[in-house]
1. Given the residues Met74, Met65, which is the only one that is open to solvent by less than 70 Å² (accessible area, probe 1.4 Å) and either assigned to a helix (DSSP H, G or I) or on the phi > 0 side of the Ramachandran plot (or both)?
2. For the structure I just gave you, tell me whether Lys4 is modelled with pLDDT under 95, out of contact with any helix residue (DSSP H, G or I) (no Cβ under 7 Å at 6 or more places or on another chain) and surrounded by 13 or more Cβ atoms within 10 Å (Cβ to Cβ).
Amino acid sequence: MIVKLFSLLVLGLPAAAYTFDDAQKFLRNYCHSCHQGEKPSAGFHVAKLATLQTLLEEPRRWNRMLVRVREHEMPPKGAPAPDLKAREAFV
């Protein structure tokens, strides 16, 4: 919401809508292969981010994940990775 408002007021541009479902698709495509099951990589289980409520209940978990994606630390080298446009839209 803040990004949309900033884009509209400051830049004069409408922000493209990026939905929670879009974020879940991104996680399925680029994160689930390593971060699921009984022993997810680094103890980070993306299923714990599967509901909209987790944005309020798990802000540290979301932030940790977003920083790693933004800094190109995740997905790791050798794993399928999003293009820059998809990465930026997600973050």
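1. On the way: Met74 fails: either assigned to a helix (DSSP H, G or I) or on the phi > 0 side of the Ramachandran plot (or both).
Testing whether each residue is open to solvent by less than 70 Å² (accessible area, probe 1.4 Å) and either assigned to a helix (DSSP H, G or I) or on the phi > 0 side of the Ramachandran plot (or both) leaves just Met65.
2. On the way: modelled with pLDDT under 95: yes; out of contact with any helix residue (DSSP H, G or I) (no Cβ under 7 Å at 6 or more places or on another chain): yes; surrounded by 13 or more Cβ atoms within 10 Å (Cβ to Cβ): yes.
When the stated conditions are applied, Lys4 passes them.
The values are calculated or read from the model by the stated rules, or taken from the named source; none is laboratory data. Predicted model, so just to flag it, every value in this text is computed and none were measured. Neighbour counts run over all protein chains shown; Cβ positions are idealised from the backbone, glycine included. Only protein heavy atoms, including side chains, enter the accessible area calculation; ligands, DNA and RNA are left aside. Shrake-Rupley method; radii C 1.70, N 1.55, O 1.52, S 1.80 Å.
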